[in-house]
1. Report yes if some residue within segment 198-211 is out of contact with any helix residue (DSSP H, G or I) (no Cβ under 8 Å at 6 or more places or on another chain) and more than 30 Å from Tyr237 (Cβ to Cβ); otherwise report no.
2. Looking at (1) assigned to a helix (DSSP H, G or I); (2) modelled with pLDDT under 95, can you tell me which one Arg157 breaks?
3. May I ask you to say which residue of Ala75, Ala51, Ala82 is of a type in the set (A, V, I, L, M, F, W, C), touching a helix residue (DSSP H, G or I) at 6+ places or on another chain (Cβ under 6 Å) and within 14 Å of Gly256 (Cβ to Cβ)?
4. Take the conditions free of Cβ contacts under 8 Å to residues at least 12 places away in the same chain and either surrounded by fewer than 24 Cβ atoms within 10 Å (Cβ to Cβ) or in a helix (DSSP H, G or I) (or both) and apply them to Phe205. Does it pass?
5. Output yes when any residue across segment 112-124 is without any contact (Cβ under 8 Å) to a residue 60 or more places away in the chain and within 19 Å of Ser254 (Cα to Cα), and no when none is.
6. Only one of these is farther than 20 Å from Ile251 by Cα, at pLDDT 95 or above, under 19 Å from the mean Cα position of the chain (by Cα) and not charged (D, E, K, R): Thr176, Thr180. Name it.
7. Pick from Ile234, Ile251, Ile259: which is buried (at least 17 other Cβ atoms within 10 Å of the Cβ), out of contact with any Cys (no Cβ under 9 Å at 6 or more places or on another chain) and in a loop (DSSP other than H, G, I, E, B)?
8. Which members of segment 220-229 meet the condition of being within 11 Å of the chain's Cα centre (by Cα) and touching a residue at least 60 places away in the same chain (Cβ under 8 Å)?
Amino acid sequence: MSQSNQTPREYSRSSTYRDLRVTTYFDRKGRVIQVSTDAIEPEPVNGRSIASLIDSTLLKPDATADQVTRLCQDALEKHFFAVCVNPYWVPLCVNLLSGSEVKVATVVGFPLGATTTEIKVFEAKSLIKLGADELDMVINIGELKKGNFANVANDMREVVRAAHKHDVLVKVIIETCLLTEQEKISACLLARQAGIDFVKTSTGFSGPGATVEDVALMRAVVGESIGVKAAGGIRNYADAKKMVAAGATRIGTSAGVQIVEEETADLAGTNL
């Protein structure tokens, strides 16, 4: 049968995590044309739990001090990389996590990204003073879609400058569900050039969250030099594994406890 109507596969990238391989196929322009997933024989456990990649997240507008306290307790117990909370709760988390290895992440320009650059910088500086270790900043989505790239780049760069003076890490949320493929690529390229530490898929407030395809595309665009955070809709271990296999180096989720417990059960079964 003739295959002349099929889009040619120019190149592919494969990644594995535990017992899953994800292969992403790109055309000659670097666009994702197909993603395949395959089960593989599990490799020996190397001692690194998926917990070490998790930003345990609580960004609900009705979050209470009790819920934030529970979030921090779970993070300490499960050895998550960080907690991610709204700015108001940063001092509480800093206090509860003092002396531990768990980082405190918070959000800037959240969830719309449509505040001014000056306000985002003010937020960033204020949150750093409160003890935040990492900032998850929403880009100016409207300006990106309009093609006003200088404004988008300056928005990111000014927050990075404020944060990096204090060795605070910056992740930029590009809100993939609102972007075309070309816009996702442009956002990632701008982020890389602005000195961003991570590109992040989603806020979780504007529609569907992370997809394997978006994570693979973002990783392909930024290369290995910066991180990729998959966030939004990742509720179980199977989903988390797919994101890691596609290139994610951090997982933002409100289901971190469940994911780690599922990983533990899965490894226990593997090692029987």
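The values are calculated or read from the model by the stated rules, or taken from the named source; none is laboratory data. Keep in mind that this is a model prediction, so the values were computed, not measured. Counting neighbours? That spans all protein chains shown, and the Cβs are built from the backbone with ideal geometry, glycine included.
1. no
2. All conditions pass for Arg157, except number (2).
3. Working: Ala75 fails: touching a helix residue (DSSP H, G or I) at 6+ places or on another chain (Cβ under 6 Å); Ala82 fails: touching a helix residue (DSSP H, G or I) at 6+ places or on another chain (Cβ under 6 Å).
Only one candidate passes the filter, namely Ala51.
4. Working: free of Cβ contacts under 8 Å to residues at least 12 places away in the same chain: no; either surrounded by fewer than 24 Cβ atoms within 10 Å (Cβ to Cβ) or in a helix (DSSP H, G or I) (or both): yes.
No: the conditions fail for Phe205.
5. No, the conditions are met nowhere in segment 112-124.
6. Details: Thr176 fails: farther than 20 Å from Ile251 by Cα.
Of the residues listed, the single one that is farther than 20 Å from Ile251 by Cα, at pLDDT 95 or above, under 19 Å from the mean Cα position of the chain (by Cα) and not charged (D, E, K, R) is Thr180.
7. On the way: Ile251 fails: in a loop (DSSP other than H, G, I, E, B); Ile259 fails: in a loop (DSSP other than H, G, I, E, B).
Matching residue, one of Ile234, Ile251, Ile259: Ile234.
8. Within segment 220-229, the first condition is being within 11 Å of the chain's Cα centre (by Cα), and the residues that meet it are 227-229.
Scanning segment 220-229 gives a single hit, Lys229.
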